[in-house]
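Note sheet for the following structure.
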Amino acid sequence: MRKLTLIFPMAGQGARFGYRFKPFLEVQGKTFIEAAFEPFRKGLPQIGKVYFIVTAEQERSHGVSARLDEMFAGMPFETVVLEAPTDGPAETLRQCLAARNITGPILVCDCDHAVDVVGLLRATQDAGIACAIPTWDLDGESLASWSVAAIHDNLITAVAEKALPVSGENFRGMIGCYYFADAAQVARSIAAADMIYISDIIGEYLRDGHPVLSVPITQAHFFGDPARLAQVTQVAGQR
């Protein structure tokens, strides 16, 4: 079994939450990062190491490493501290890969949702898949909140940010929890094209003919903005 490296980029500014440090906000009695990590516990035999990425300012202001030590005691993890904020998630990922010389298969997951990852972890064992992404039914969703994929025969054929791709018919939202079979290829792609979003990497994979698998998800909790957080909290209170 190939061991995966699990990466949580946490260096964002948290603008939608008043510039508070989002990973340490709480949902249903857990911090965001604890809730985001929880679905992976069943897949721990597949995970070799976990990396959490933050900026030096976040480390100083929030004591990130010390708190993560408490939350994830006994887990094989490291905190990667970047000297300054980057221009976007793609560059944040590239700097992490370079700083720790990460190679092989990786999972890159946001900390503002908790997703059923059973199907995704299963897909990572398919040697023919270069990339796999959980996708979500967009019925009732605002496109402004999503990277959108066009899908044919379970493969993603086109992507767009906060809009429908110009081609395709079956559209689903891409959940920010990405599998890449080759971390070195990801790093090269980001550096060569000065990418901003992780979806930019997906676009290049598609242009180069690499298979990108859609993994349909029906169970997830999203808490990436105050409205979604309130909704999750309300549903939990009604149980």
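The values are calculated or read from the model by the stated rules, or taken from the named source; none is laboratory data. Remember, predicted model here, so these are calculated numbers, not experimental data. Positions of Cβ are backbone-derived with ideal geometry, glycine not excepted, and every protein chain shown enters the neighbour counts.
Tabulated data
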{"quantity": "Selection from the range 9-24 of residues that are within 16 Å of E70 (Cβ to Cβ), outside any helix (DSSP H, G or I) and in contact (Cβ under 8 Å) with a residue 60 or more places away in the chain", "calculated": "M10"}
{"quantity": "Unmet requirement for N101, which otherwise passes all of (1) touching a strand residue (DSSP E or B) at 6+ places or on another chain (Cβ under 7 Å); (2) of a type outside the set (A, V, I, L, M, F, W, C); (3) in a loop (DSSP other than H, G, I, E, B); (4) at pLDDT 95 or above", "calculated": "(1)"}
{"quantity": "Boolean, A84 is of a type outside the set (D, E) and assigned to a helix (DSSP H, G or I)", "calculated": "no"}
{"quantity": "Residue that is nearest to the chain's Cα centre (by Cα), among those in the range 127-151 that are surrounded by fewer than 13 Cβ atoms within 10 Å (Cβ to Cβ) and farther than 17 Å from A220 by Cα", "calculated": "A144"}
{"quantity": "Residue within the range 181-192 that is in a loop (DSSP other than H, G, I, E, B) and under 26 Å from R94 (Cα atoms) present", "calculated": "yes"}
{"quantity": "Filtered residues of the range 49-69 (kept if surrounded by 13 or more Cβ atoms within 10 Å (Cβ to Cβ) and either of a type in the set (K, R) or within 21 Å of T124 (Cα to Cα) (or both))", "calculated": "K49, V50, Y51, F52, R67"}
{"quantity": "Subset of the range 29-47 (residues that are touching a helix residue (DSSP H, G or I) at 6+ places or on another chain (Cβ under 6 Å), farther than 16 Å from L4 by Cα and not charged (D, E, K, R))", "calculated": "T31, F32, I33"}
{"quantity": "Check on F40, in a strand (DSSP E or B), modelled with pLDDT of 95 or more and closer than 29 Å to Q219 by Cβ", "calculated": "no"}
{"quantity": "Any hit, the range 188-198, residues being crowded, with 22+ Cβ neighbours inside 10 Å and within 19 Å of W136 (Cα to Cα)", "calculated": "yes"}
{"quantity": "Tally, over the range 121-136, of residues that are in contact (Cβ under 8 Å) with a residue 60 or more places away in the chain and either out of contact with any helix residue (DSSP H, G or I) (no Cβ under 9 Å at 6 or more places or on another chain) or within 18 Å of S199 (Cα to Cα) (or both)", "calculated": "11"}
{"quantity": "Number of positions in the range 195-231 that are out of contact with any Ser or Thr (no Cβ under 7 Å at 6 or more places or on another chain), over 20 Å from L93 (Cα atoms) and of a type in the set (A, V, I, L, M)", "calculated": "5"}
{"quantity": "Residue among V212, V186 that is closer than 18 Å to I102 by Cβ and touching a Phe, Trp or Tyr at 6+ places or on another chain (Cβ under 7 Å)", "calculated": "V186"}
{"quantity": "Filtered residue count, the range 144-190, keeping only those that are within 28 Å of R228 (Cα to Cα) and among the small types (G, A, S)", "calculated": "10"}
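Yes/no matrix, rows are residues, columns are (1) among the hydroxyl-bearing types (S, T, Y); (2) surrounded by fewer than 22 Cβ atoms within 10 Å (Cβ to Cβ); (3) in contact with a Leu (Cβ under 8 Å, 6 or more places away or on another chain):
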residue: T5; (1), (2), (3): yes, yes, yes
residue: A11; (1), (2), (3): no, no, yes
residue: E26; (1), (2), (3): no, yes, no
residue: R41; (1), (2), (3): no, yes, no
residue: L44; (1), (2), (3): no, yes, no
